[in-house]
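The values are calculated or read from the model by the stated rules, or taken from the named source; none is laboratory data. Keep in mind that this is a model prediction, so the values were computed, not measured. Here the Cβ is made from the backbone with ideal geometry for all residues, glycine too, and neighbour counts use every protein chain on show.
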Amino acid sequence: MRCLFPALLLLTGCGRYADFTLPAPQPEGPSGPFTWEARAEPVIARGDAADVLNPSVVRFHDAYWNLYSEYDGKVWHTSAATSPDGIAWTKLGRVLSPPSGGYIAANGSALVVGDEIFYWYETGYPLRIALARSRDGRTWTSAGTVLDQGPYRSFDERAVADPYVIRAGDFFYLYYLGQDRAARQQLGLARSPDGITWEKLRANPILEGTRLGEPAVWTSGANWWMLFHIRAPDEQRHLELASSHDGVNWTRIPDFQITGSYPWDNKVLADPTVEVQPNQIRVWFGGGDIASPDQNLHGQIGLGVLR
């Protein structure tokens, strides 16, 4: 269908918005209520970087690959590491950097698609979500922006960020942070048949608040589950949990909080990425001992489990 009027384009996006839910959740795996246990030391230390945060972990070529964010004191890059077990990591260095004059090419979500890794990440100003692809985890080709800001007065009018992509049935589903003109940060959802062309849920946002972000979504125990961070006014962060039967309508789990337990993550615990195992959910996360809005948290990457 051809769009005839600009106003109609803003309202409907020429097919960019749709009504949908996710497939039925999987019955296998942990079903909650969950308890949290974390390793005492980071699994990826910051080393010479100001911060390493935002892990995204996949299994690729018989190894774990971690595409994580590295702040060099000026800009954010995506770096890679590999591991035989998800615990002991070998850093491979930076694989994606912003263009000259840019600030970020990081804070992404990786997924193995066929013989490639797809990696959706934040870029630009205002923030939008782009896609890069790789067949070896080291050399990447950018497909450019794939999810942009929403129309006037939408919940994501000023920014789209914090992508987390899963695949279920015939579609990819992208959970993300949207920021509106009042600087409220809430969570939204989009879907795609190929990971490139996306349509947003018409009923967005799916989880409301003022300072939510960094969702991680999985299915186990006949539910959809979401970990997400809450950012306090003093910039300290912790994780909370929600459940859903359709991936769209979410209920927060009361009295469930994950906070940092050790000196290195006692101010910030955020940035989850998950792996579903038969008896537990492994969660890699970013932690820091300084509460700061965007960087210079002394950020490092940890590992915990939900049982």
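Would you point out the residue of the range 46-96, among those that are aliphatic (A, V, I, L, M) and exposed (fewer than 14 other Cβ atoms within 10 Å of the Cβ), that is nearest to VAL305 (Cα to Cα)?
ILE87
Looking for something out of contact with any His (no Cβ under 9 Å at 6 or more places or on another chain), more than 30 Å from PRO42 (Cα to Cα), at pLDDT below 95 and hydroxyl-bearing (Ser, Thr, Tyr) - is there at least one such residue anywhere in the range 149-164?
no
Is it the case that the range 196-203 has a residue that's under 15 Å from the mean Cα position of the chain (by Cα) and aliphatic (A, V, I, L, M)?
no
In the range 259-304, which residues are in a loop (DSSP other than H, G, I, E, B), touching a residue at least 24 places away in the same chain (Cβ under 8 Å) and closer than 19 Å to TYR164 by Cβ?
Here is the first cut: in the range 259-304, the residues in a loop (DSSP other than H, G, I, E, B) are 259-262, 266-267, 277-280, 289-299.
Okay, now just the ones that are also touching a residue at least 24 places away in the same chain (Cβ under 8 Å), so 260-262, 267, 277-280, 289, 291-293, 295-299.
If the condition is that a residue be in a loop (DSSP other than H, G, I, E, B), touching a residue at least 24 places away in the same chain (Cβ under 8 Å) and closer than 19 Å to TYR164 by Cβ, then GLN277, GLY299 are the ones that fit.
Answer yes or no as to whether ASP234 is more than 28 Å from GLN295 (Cα to Cα) and either modelled with pLDDT under 95 or not β-branched (Val, Ile, Thr) (or both).
No: the conditions fail for ASP234.
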